[in-house]
Amino acid sequence: MKRRSVYLDAPGKIVVREEELPEPPAGRMLVKTIISAISSGTELLFYRGEAPEDIPVDETIPALNHPLAYPLKYGYAAVGRIVETGRLVFAFNPHEDHFLAAPDELIPLPEGVSAEQAVFLASLQTALNFLVDGRPRNGETAAVMGQGVPGLLTTALLARQGLKRLVTFDRHELRRAHSLRLGADASLDPDSHDARLKFDGLIGKRRPEDGADLVYELSGNPEALDRALACAACGGRVVVGSWYGSKPVSLNLGGRFHRSRLQLINSQVSSLCAKVQMSAGDCLKLCLAGSGELGLPSLISHRFPVERAREAYELLDERPGEALQVVLTYE
């Protein structure tokens with residue numbers, strides 16, 4: 001049979017290609033995709049040619065455990081039905097309308113969970129990992145740089161941790177509005193001339209060493225990391241969840257960083273399961289259990305049929321302020 005797959009033929013060039021899909025061999029299941037989510041962080045690094053070439057595309061996902069080379073099939077948030085049984089499943093799989101997978105590569109979805117909820121599972125797992133690495137404590141003050149989908153979901157989880165104050169930053173008005181809806185006490189434009197003054201007022205800063213106890217840098221912008229360090233209190237924790245790819249990062253690690261005893265924490269989602277001693281499936285089930293109250297489908301701002309995948313990537317690349325979660329749909 002034939003299937004349609006989305007290929008990144010070269011940086012900036014998306015092609016939907018029809019290709020032959022063999023009959024499922026023993027131990028593999030055929031899945032018909034319903035919806036898949038495009039990551040505006042990691043995927044855009046590959047789209048823009050900003051991903052490093054010295055590591056596998058993703059060594060934890062079987063479908064992506066290969067060196068970076070174009071043409072490239074990518075994507076890691078697909079929801080579909082097993083053709084033989086009709087069971088709704090989630091898979092870390094590239095964008096294509098049919099795919100083959102082993103049973104242990106599929107996460108069966110419980111009754112009552114829609115495909116539009118489940119397509120957020122990879123981002124929810126990422127946000128949960130950020131939460132585990134940051135260790136938020138009751139009564140602390142927290143800040144989040146970047147309110148793309150992972151940032152918004154991190155904000156939603158943090159808002160349920162008993163924090164004293166939660167302030168977020170993003171350049172785009174649409175994202176700031178959703179940040180407030182998901183529980184932020186305030187959401188600021190980092191480029192505004194009075195952003196820092198407003199932040200200091202919100203957290204009640206009185207001394208030079210005052211700031212946020214916990215800061216997340218999730219914007220994907222290397223320049224935001226210095227801002228994150230500047231917002232942290234003496235002894236504060238700064239969690240770097242952004243993957244900058246091949247973009248260089250220049251940090252000011254001079255006086256304040258040295259004397260404030262700041263902790264710079266790298267957060268990487270593929271190591272979550274070993275850390276909290278659960279399988280990938282159990283981790284995703286935990287995410288599913290809390291997904292209902294977050295109103296996830298409302299974060300889907302655009303739906304493109306797979307044939308229009310090129311337009312979807314162009315939107316995210318050229319007009320990010322108009323979009324939240326962009327998904328591909330499959331007839």
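The values are calculated or read from the model by the stated rules, or taken from the named source; none is laboratory data. Predicted model, so just to flag it, every value in this text is computed and none were measured. Reconstructed Cβ throughout: ideal geometry from the backbone, glycine too, with neighbour counts over all protein chains shown.
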>> Anything in the range 87-101 that is in a loop (DSSP other than H, G, I, E, B), farther than 21 Å from ARG310 by Cβ and at pLDDT 95 or above? List them, or say none.
In response: ARG87
> Does VAL83 satisfy the condition of being at pLDDT 90 or above, assigned by TED's automatic domain parsing to the domain that holds ARG48 and crowded, with 23+ Cβ neighbours inside 10 Å?
Replying inline: no
> Residue check, PRO150 against (1) surrounded by 24 or more Cβ atoms within 10 Å (Cβ to Cβ); (2) out of contact with any strand residue (DSSP E or B) (no Cβ under 8 Å at 6 or more places or on another chain); (3) outside any helix (DSSP H, G or I), all met but one. Which one?
Replying inline: (3)
>> Name the residue that is farthest from LEU72 (Cα to Cα), counting only residues in the range 1-50 that are among the acidic types (Asp, Glu) and in a loop (DSSP other than H, G, I, E, B).
In response: GLU23
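Yes or no, residue by residue, for (1) in a helix (DSSP H, G or I); (2) touching a Pro at 6+ places or on another chain (Cβ under 7 Å); (3) modelled with pLDDT under 95:
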| site | (1), (2), (3) |
| --- | --- |
| LEU251 | no, no, yes |
| PHE257 | yes, no, yes |
| SER270 | yes, no, yes |
| ALA274 | yes, no, yes |
| ASP282 | yes, no, yes |
| LEU286 | yes, no, yes |
| TYR313 | yes, no, no |
| LEU316 | yes, no, no |
| LEU328 | no, no, no |
>> For a quick check of your reading of the model, give me the residue pairs whose first member lies in the range 133-156 and is touching a residue at least 24 places away in the same chain (Cβ under 8 Å), whose second is part of a loop (DSSP other than H, G, I, E, B) and of a type in the set (D, E, K, R), with beta-carbon atoms closer than 6 Å and at least 6 apart or on different chains.
In response: GLY139/LYS164; THR141/LYS164; GLN147/ASP170
> Filtering the range 160-206 down to residues that are in contact (Cβ under 8 Å) with a residue 40 or more places away in the chain and assigned to a loop (DSSP other than H, G, I, E, B), which residue is farthest from ALA143 (Cα to Cα)?
Replying inline: HIS172
>> Restricting to the range 190-220, and then to whatever is under 21 Å from PHE257 (Cα atoms) and aliphatic (A, V, I, L, M), can you tell me which residue is surrounded by the most Cβ atoms within 10 Å (Cβ to Cβ)?
In response: LEU218
